[in-house]
Amino acid sequence: MSKRRAVITGVGGYVPEDILSNQDIEKMVDTSDEWIVTRTGIKERRILRGKDQGTSVMGTEATRNVLQKTNTNPEDIELVICATTTPDMIFPATANLIAEQIGAVNSFGYDLQAACSGFLYALTTGAKFIESGTYQKVLVVGADKMSSIINYEDRTTCIIFGDGAGAVLLEPTEEPLGVIDSVLRSDGSGAPHLHLKAGGSRRPATIETVMAKEHFVYQEGAAVFKYDVMHMADVSAQIMERNNLTGEEVAWLVPHQANKRIIDATANRMGLDQDRVMYTIHKYGNTTSATIPLNLWEYESQLKKGDNLVFAAFGGGFTWGATYVKWGYDG
Ligand code: UT7
């Protein structure tokens, strides 16, 4: 009997209209377009503006986009998983807010927080609900409003991050397609290098935490870079090896977009030329949980049924992983 797998049957995306270019940032902090492009590959990023506009606004748009493209009735959705590090509120879950907005009245939902690896963790767990035979239609969303936790006076972080959302629909298939395998890892000893100091239960918000700017991303860039390059390349090589995939057999690397130099090092380790690597970092920056589905959204028209895709990510935690996906339809 053939194995029941979870296949991606559609992709949606959303980025806010407002563009924050390197030239705009040059006016805010001591940096240059040349430095940012050379060190990161980023030229611009999108920012969600407006009062009371949270991550769910973008997650809802991305989700509506995939429902509309796949002609799916929201009432048929059974589960919504939202990977996010910037939920609208500590509770309720952003997934609940999205489900309510799209009319997924027969679903349950929850948020999954694994920083930049969140989408991979969510995709893997969403796929398990399908593989087990429990559900037929699962939405996996990656959405982050990073601008809500960035200090625009800190040149080491404000150049990197942007806002956006992507979503995929998972459905069952008996064909040898879909989410084939994942290697997921985490290591809490990485926390000191990349975290948000206050606003959680350890250091609830006070006037002092606000004054000390402890509600913004704290990152030791060079240390994170070192672990990122090593782990993302390792895990990508590992997933290829255990699925007997050679570099020639991988159609696309779908990497988290933290830094172009990290992406290129991973591709190099996998034996892939740049024309088989998805890049959106130049125009969206690092959108945390949204980078991987936004890559798919941008490159969907170039994907073919049966293509071997390796998704790879690294982020705060530390968290990291790679997922082998056999693409389900011609774009
Ligand atoms: O997605 C989650 C995981 N995150 C990542 O993977 C991020 C990984 N880290 C990085 O991408 C890079 O470390 C950064 C892009 C954050 C920084 O690049 P770097 O090449 O590692 O620079 P650095 O931190 O080693 O700093 C080198 C110099 C420093 O000056 P000095 O001390 O050598 O005088 C920094 O102060 O560059 C300076 N610098 C800047 N200069 C101009 C740092 N940020 C800037 C800036 N503009 N925006």
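What follows draws every value from the coordinates through simple rules; no lab data is involved. Just so it is clear, the model here is predicted, and its values are computed rather than measured. No Cβ is skipped: glycine too gets one built from the backbone with ideal geometry, and neighbour counts run over all protein chains shown.
Brief remarks follow.
- Share, in percent, of DSSP beta bridges within the chain that are antiparallel, nearest 5: 70 percent
- Region 19-87 and region 211-228 have their alpha-carbon centroids 20 Å apart.
- When the chain is described by a simple charge dipole with +1 on each Lys and Arg Cβ and -1 on each Asp and Glu Cβ, the residue from Gly285, Thr55, Asn244 located farthest towards its positive end is Asn244.
- Local electrostatic count, Pro172, Cβ distance below 11 Å [Lys/Arg +1, Asp/Glu -1]: 0
- In the elastic network of the chain, a GNM with C-alpha springs shorter than 10 Å, the most mobile of Gly200, Gly190, Gly178 is Gly200.
- With θ taken as phi - 60° and the Karplus curve 6.51 cos²θ - 1.76 cosθ + 1.60 applied, the whole-hertz 3J(HN,Hα) list for region 92-106 is x, 5, 4, 4, 5, 5, 5, 4, 5, 5, 8, x, 7, 6, 9 Hz, x standing for glycine and proline.
- Nearest-20 debye value, the chain charge dipole, Cβ charges on Lys, Arg, Asp, Glu: 360 debye
- Farthest toward the positive end of the dipole of region 1-160, out of Met146, Tyr135, Leu112, is the Cα of Tyr135, where the dipole comes from beta carbon charges about the Cα centre.
- Sum of side-chain charges, Trp297 neighbourhood, beta-carbon under 12 Å (Lys, Arg +1; Asp, Glu -1): -2
- For region 5-176, a simple Cβ point-charge model (Lys and Arg +1, Asp and Glu -1, everything else neutral) yields a dipole of about 100 debye relative to the Cα centre.
- Here region 117-133 and region 261-313 have alpha carbon centers that stand 19 Å from each other.
- Estimated vicinal HN-Hα couplings, Hz - region 163-175 in sequence order (Karplus 6.51, -1.76, 1.60; Gly, Pro = x): 10, x, 8, x, 8, 10, 9, 9, 9, x, 8, 9, 6
- Label-point gap, in nm, between Asn106 and Ala191 - each point 7 angstrom along Cα→Cβ: 4.1 nm
- ³J(HN,Hα) computed for each position of region 210-226 - Karplus, 6.51 cos²θ - 1.76 cosθ + 1.60, integer Hz, glycine/proline x: 5, 4, 7, 6, 8, 9, 10, 4, 10, 9, 8, x, 5, 5, 4, 3, 4
- Under a Gaussian network description of the chain, with springs only between Cα atoms under 10 Å, the residue in Gly126, Gly306, Gly199 that fluctuates furthest is Gly199.
- For the options Gly164, Gly315, Gly247, a Gaussian network treatment of the chain with springs between C-alpha atoms closer than 10 Å singles out Gly247 as fluctuating the most.
- Full-extension gain in nm, Thr209 to Asn151, via 0.36 nm per residue minus C-alpha separation: 19.5 nm
- Helical content alone sets the calculated 222 nm signal of the chain at -9500 deg cm²/dmol, taking -39,500 (n - 2.57) per DSSP H segment of four or more residues and averaging over every residue.
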